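Here's the structure, in structure tokens; my notes come after.
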Amino acid sequence: MHVEWTVCAASELVANARTIADQLGATDRLFVRPDSPLKPFSGRVVDIATLTLAKLDHGFYYEDDSIPVVAAPIQQIGHEWRFLVVNRAVITGSAYDPHTRKPVIVPLDSTAAAFASTVASALPQPDIVYVLDICESNGQLRLLELNPFGGADLYACDADAIINSVSAIAAAA
């Protein structure tokens, strides 16, 4: 989704937040997330002037201040969708109603699901089963992030499709 971004140690980001932000063309805030699908902390927008390791959950979820983090300028995000990918195929999807925040099933013949399928077939497969999040930003669909199957909420994804697909993978192993 970002054109400008960098990966560095969390401690390096905290020590050099202003310089890194300037290099990325950011002003007073940055988006920061771990460079790991295990997500030792959730991605968030941080204030450059007051950034500390504690504001990145250091000491709460992780102890190593050298964990790699991705820093990028803030982007406006519209709709978001979550898809479960099994053997490169999108098998189910979910979103949420922005007004009620209730999860809703995403039809597999939707534009969002078609884009997710394109992304899943183009990326190196991170695992046999994983979660792929996409979003709308600046009028375009974009890859938002990948998540591990065991570490992501599946919201309104079709439970039967998940059980059947993952069971078939387990039975073949």
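The values are calculated or read from the model by the stated rules, or taken from the named source; none is laboratory data. Everything numeric here is computed off the predicted structure, so don't read it as measured data. Every residue, glycine among them, receives a Cβ derived from its backbone with ideal geometry; neighbour counts consider all protein chains shown. Quick note on the areas: whole protein, heavy atoms, side chains included, nothing else; ligands and nucleic acids left out. Shrake-Rupley method; radii C 1.70, N 1.55, O 1.52, S 1.80 Å.
Results, tabulated for the structure shown:
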| item | result |
| --- | --- |
| Filter result for the condition that a residue is out of contact with any helix residue (DSSP H, G or I) (no Cβ under 8 Å at 6 or more places or on another chain) and under 30 Å from residue 131 (Cβ atoms), over 35, 22 | 35 |
| Residue that is most open to solvent (accessible area, probe 1.4 Å), among those in region 102-117 that are aliphatic (A, V, I, L, M) and either in contact with a strand residue (DSSP E or B) (Cβ under 8 Å, 6 or more places away or on another chain) or within 15 Å of residue 159 (Cβ to Cβ) (or both) | 105 |
| In region 43-102, the residues that are of a type in the set (Gly, Ala, Ser), touching a Leu at 6+ places or on another chain (Cβ under 9 Å) and on the phi < 0 side of the Ramachandran plot | 71, 72, 93, 94 |
| So residue 60, is it open to solvent by 60 Å² or more (accessible area, probe 1.4 Å) and among the aromatic types (Phe, Trp, Tyr) | yes |
| Unique residue being assigned to a strand (DSSP E or B) and in contact (Cβ under 8 Å) with a residue 12 or more places away in the chain when the list is 108, 154, 143 | 143 |
| Residue satisfying all of: in region 25-55; touching an Asp or Glu at 6+ places or on another chain (Cβ under 9 Å) and open to solvent by less than 20 Å² (accessible area, probe 1.4 Å); farthest from residue 4 (Cα to Cα) among these | 41 |
| Pick from region 69-101, criterion closer than 16 Å to residue 117 by Cβ and charged (D, E, K, R), ranking: most open to solvent (accessible area, probe 1.4 Å) | 88 |
| Verdict on residue 22 being part of a helix (DSSP H, G or I) and of a type in the set (Asp, Glu) | yes |
| Positions within region 128-173 being open to solvent by 40 Å² or more (accessible area, probe 1.4 Å) and polar (S, T, N, Q), in sequence order | 138, 140, 164, 167 |
| Pair list, Cβ under 7 Å, 6 or more apart: region 1-30 residue within 20 Å of residue 41 (Cα to Cα) and β-branched (Val, Ile, Thr), other residue modelled with pLDDT under 95 and part of a loop (DSSP other than H, G, I, E, B) | 7/35 |
| Unmet criterion (only one of (1) at pLDDT 95 or above; (2) more than 18 Å from residue 142 (Cβ to Cβ); (3) in contact with a Ser or Thr (Cβ under 8 Å, 6 or more places away or on another chain)) for residue 52 | (3) |
